[in-house]
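The values are calculated or read from the model by the stated rules, or taken from the named source; none is laboratory data. Everything quoted here is computed from the prediction, not taken from an experiment. Because the Cβ atoms are built from the backbone with ideal geometry, glycine has one as well, and the counts that use them run over all protein chains shown.
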Amino acid sequence: MSGQTIWDKLARMDRRVFYWILFICLTVPYMTPLGLPITVTPSTRSYYDGLKTIQPGEVVLLSINSGVSAWGDCLPAMVASVYQVHEQGGKLIVWSIGYNDCDITWARIKTLLATNVFTDWVEGEDYVYFGYCPGQETNVALLRDNIRGVYTKDVRGVATDDIPLMEDINDASKIKFVMSSDTGDAQIYYIRQWKNGPVNYVGSGQPPLVAEMGIAMNKSGDMVYYLSGDEFGLVAGSRGAAELEALVGLKGNATITMDSISVSHVLLVLAIILANVGMFATRGQKK
Amino acid sequence: MSQVYKRELVFIVTGVVALVMMLDYFFGKNIPGLSGSGGIAGQLQTWALIIQLMAIGLGAINLIQVHYRQISRKTDMAIYSIIFMVFFAFLLLLGLYKLFTGVELYPYTWVFANVYTSLGTTLYAITGFFVFSAAYRAFRARNVDAAILLIGGCFVLLANAPIGEVLWSGFPLIGNWFNNVGQIPGMRAFTVVGALGLLAYGFRALIGKEKGFYSEAS
């Protein structure tokens, strides 16, 4: 149409043009990394400080409550956490109450840390992987008092009673803290049933603390629990994971994706600005 | 068994279970035989877990029924249902083989590593493209409320990206203020109100007033 202004044309632009712009711009940092500095936020620092308190032989829990679709946000933080647990000489229990594709996630973590963690970690002695069990919060409540009641054996088929790591562990009190990787609210189950459920606590020791490493979208909701002290640390999305990678000294996927995060976020802000300038520019014409 | 009797029985069971679980949470240690693995509450939780496991099986059967119906009626979506059925049968057979022999065949791991994982991560990643397009088309400051939301959103975006602090040191400061202070009262209100709602729901279930789960929502 002849009477169309540039703003009208931009407003009617095919969405595929936006997809291509984003796609092309995202490829640039992969070819020429920007390597922008990352400032560590207090919530990630608290998470890392918590990891640093692990004493040799102490047991922590990794609860994989995120699926493979959220690997971009969740996997790097899990990798960095497992690495740091190993560095501290800690031991690790792994299970999932949220996603039945946790086997793939755990296999991926083992692959990524094959050369620097799983060379000397012995399954059953230093770590144990129990896999997925449904039940969500009910399951967490059961696990608090009786782990063997839920997991009678690990994924290899070895009876829990025969796993050296589990010799003295059958309730939550023997676990120092929970590292919950979430796309939903599984971390809140641990807060409700483990950390803040001591009125019914049958374990002999203190209830474990809870820390969260979830997708970026979870940050606003989790910040409430972090600021109230229910979570001792919070790693939010790939940005948080990049901060954690910097702290533990293991540059991984999150650090690599930070440049792309920068590009996509700037493009998003530019799109918003452009759209609003266009709206104001054409407002008078329409009237 | 009459319909009324069946209905009342469901409400009584729900009420009793709710009462046991509440007593377990608040007074569990003080009531012998209630808490712990051998206690009534523990047994009920184990039953709940078994029921949920059975629900997964029921879900699989339901899926087969739905897709079988699509295929038999030869609808437009039938081709997708055929693909589903083929993959379902394929993975079921491989899974059963692993269950009985303990041997994980290569195609089983290959499908998960190269099909499931790729599709899953792609699905999550392409939302970024939709958000970019939607940001241009929908994020308009048509009134003051929308303008405040947009400005706040832009600050949070630039606080989350390392380039934000390179462009201006104020971006992370203001963006993190929105994250750590600005949004907290609202989120706390949501959390507390949600908990109160859950409490009310539990109480209604306890006294048999909550009937939504017994197809009496209307």
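Overview of values
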item	result
Verdict on A:Arg16 being within 14 Å of another protein chain (Cβ to nearest Cβ), free of Cβ contacts under 8 Å to residues at least 40 places away in the same chain, of a type in the set (Lys, Arg) and assigned to a helix (DSSP H, G or I)	yes
Of residues in segment B:24-80 being away from every other protein chain (no Cβ under 12 Å) and polar (S, T, N, Q), the one farthest from B:Val13 (Cα to Cα)	B:Thr75
Selection from segment A:118-139 of residues that are in contact with a strand residue (DSSP E or B) (Cβ under 9 Å, 6 or more places away or on another chain) and more than 10 Å from chain B (Cβ to nearest Cβ)	A:Phe118, A:Trp121, A:Glu123, A:Glu125, A:Asp126, A:Tyr127, A:Val128, A:Tyr129, A:Phe130, A:Gly131, A:Tyr132
Flag if A:Arg156 is at pLDDT 90 or above and facing chain B (nearest Cβ under 9 Å)	no
Residue among A:Ser96, A:Ser81 that is on the phi < 0 side of the Ramachandran plot and in contact (Cβ under 8 Å) with a residue 40 or more places away in the chain	A:Ser81
Output for segment B:19-31, where each listed residue is farther than 18 Å from A:Tyr189 by Cβ and modelled with pLDDT of 85 or more	B:Leu19, B:Val20, B:Leu23
Of all residues making up segment B:142-163, the number that are assigned to a loop (DSSP other than H, G, I, E, B) and either under 23 Å from the mean Cα position of the chain (by Cα) or within 7 Å of another protein chain (Cβ to nearest Cβ) (or both)	1
Enumeration of residues in segment A:113-154 that are closer than 30 Å to A:Asn196 by Cβ and of a type in the set (Ser, Thr, Tyr)	A:Tyr127, A:Tyr129, A:Tyr132, A:Thr138, A:Tyr151, A:Thr152
Conditions (1) at the interface with chain B (Cβ under 10 Å from one of its Cβ atoms); (2) at pLDDT 90 or above; number of the one not met by A:Phe280	(2)
Where B:Val193 falls short, out of the listed (1) loosely packed, with under 14 Cβ neighbours inside 10 Å; (2) within 10 Å of chain A (Cβ to nearest Cβ); (3) hydrophobic (A, V, I, L, M, F, W, C)	(2)
Selected residue (criterion: farthest from A:Ala186 (Cα to Cα)) from residues of segment A:83-117 that are within 12 Å of chain B (Cβ to nearest Cβ), of a type outside the set (Phe, Trp, Tyr) and surrounded by 17 or more Cβ atoms within 10 Å (Cβ to Cβ)	A:Arg108
Tabulated pairs, segment B:101-124, first closer than 18 Å to B:Ala89 by Cβ and assigned by TED's automatic domain parsing to the domain that holds B:Leu91, second among the acidic types (Asp, Glu) and surrounded by 14 or more Cβ atoms within 10 Å (Cβ to Cβ), C-beta under 8 angstrom, 6+ apart or interchain	B:Phe112/A:Asp101; B:Phe112/A:Asp103; B:Tyr116/A:Asp101
B:Gly102, sole failed condition from (1) more than 8 Å from chain A (Cβ to nearest Cβ); (2) over 30 Å from A:Pro42 (Cβ atoms); (3) more than 26 Å from the chain's Cα centre (by Cα)	(1)
Condition met for A:Asp8 (out of contact with any strand residue (DSSP E or B) (no Cβ under 6 Å at 6 or more places or on another chain), surrounded by 14 or more Cβ atoms within 10 Å (Cβ to Cβ) and either modelled with pLDDT under 90 or not assigned by TED's automatic domain parsing to the domain that holds A:Leu92 (or both))	yes
